[in-house]
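*Asks:* The structure that follows is given in the form of structure tokens.
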Amino acid sequence: MSTKADLLETQFRLNMNRINGLVQLLFSHDALKPTTVFGSSSGARADILRSIVVFLHATFEVALRSHIPKPGRSLSFYSRADFDKALKLSGIDATPFRFLYPTLTQMAKRRQRIVHGADLLHGEPYEWSIADDWQLIMWLLAVPTFYYQLRISLRAANTVERAKYRNLRTAMASHVAFGKQLLAFPTVPRDLRLQALHETVVTLESIMSMLSLDPRTFTADRG
């Protein structure tokens, strides 16, 4: 593995650990825990969620920029064209990454709104709603998916990393299904709501199982 790939791996793990620390903070302090299951977030909780978005975009940008010759050159990372350009400059085929572009573009736009506009609307913070929670979870899945695809494209991924990539892609698809279930629930007839809730729980359990990969079940193959 090249020194550059080693450095990127170190940076990626460091940044994801920082993000994980912020997520854990939200659930370890009573004052920061959500007051309802499907409610909005405000105050310090919402601002921590915004900080997670900024860290996620920075983690993505570090990975995308990592193999560009002369990485200090002026580049932006907010659109499909930007992502294609950065990968082309790196000598990497953009095709396997393109299914992630809509999600990554949404994340980049929210990051820009937070950093350059303090996430304000008419002088007040945008409401952080359940839709934002759903979107943030998708971004938390998309960034490591991008990273592992990058490792695969560079032929640096080991067996565990390739398995993580496959599981993350499956989890993203399940998360889309979960979102559709949530949107449809208000229209479900009352006598079918218990069944609908059960199906939603099954979807969530599927997502969790995809994210609980134990590296010890794989060989130490680095190829």
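*Asks:* Read phi for every residue in segment 60-65 and hand back ³J(HN,Hα) as whole Hz from Karplus 6.51 cos²θ - 1.76 cosθ + 1.60, θ = phi - 60°, with x for Gly and Pro.
*Replies:* 4, 5, 4, 5, 5, 7
*Asks:* Might you report the magnitude of the Cβ-based charge dipole of segment 58-142 about its Cα centre, with Lys and Arg at +1 and Asp and Glu at -1, to the nearest 20 debye?
*Replies:* Dipole magnitude for segment 58-142 comes out near 540 debye.
*Asks:* Take peptides 48-54, 112-118, 187-193 and line them up by average Cβ neighbours within 10 Å, highest first, as a rough protection proxy. Before the final figure, lay out the partial values.
*Replies:* On the way: 48-54: 18.9, 112-118: 13.3, 187-193: 9.1.
Highest mean packing first, the order is 48-54, 112-118, 187-193.
*Asks:* Using amide H atoms built in the peptide plane, which far-off residues or other-chain residues are under 5 Å from Trp128 H to H?
*Replies:* Residues meeting the amide H criterion: Ser41.
*Asks:* Let me ask you something else. Along segment 164-178, what does the Karplus equation 6.51 cos²θ - 1.76 cosθ + 1.60 (θ = phi - 60°) give for ³J(HN,Hα), rounded to whole Hz, x for Gly and Pro?
*Replies:* 4, 4, 4, 5, 5, 4, 5, 5, 4, 5, 5, 5, 5, 4, 4
*Asks:* Okay, next question. When the Karplus curve 6.51 cos²θ - 1.76 cosθ + 1.60 is applied with θ = phi - 60°, which whole-Hz ³J(HN,Hα) does each residue of segment 130-135 get, with x for Gly and Pro?
*Replies:* These are the phi-based 3J(HN,Hα) values: 4, 5, 5, 4, 4, 5 Hz.
Values quoted throughout were computed directly from the atomic coordinates according to the rules given, and no laboratory measurement underlies them. For clarity, every value in this text was computed on a predicted model and none was experimentally measured. Neighbour counts run over all protein chains shown; Cβ positions are idealised from the backbone, glycine included.
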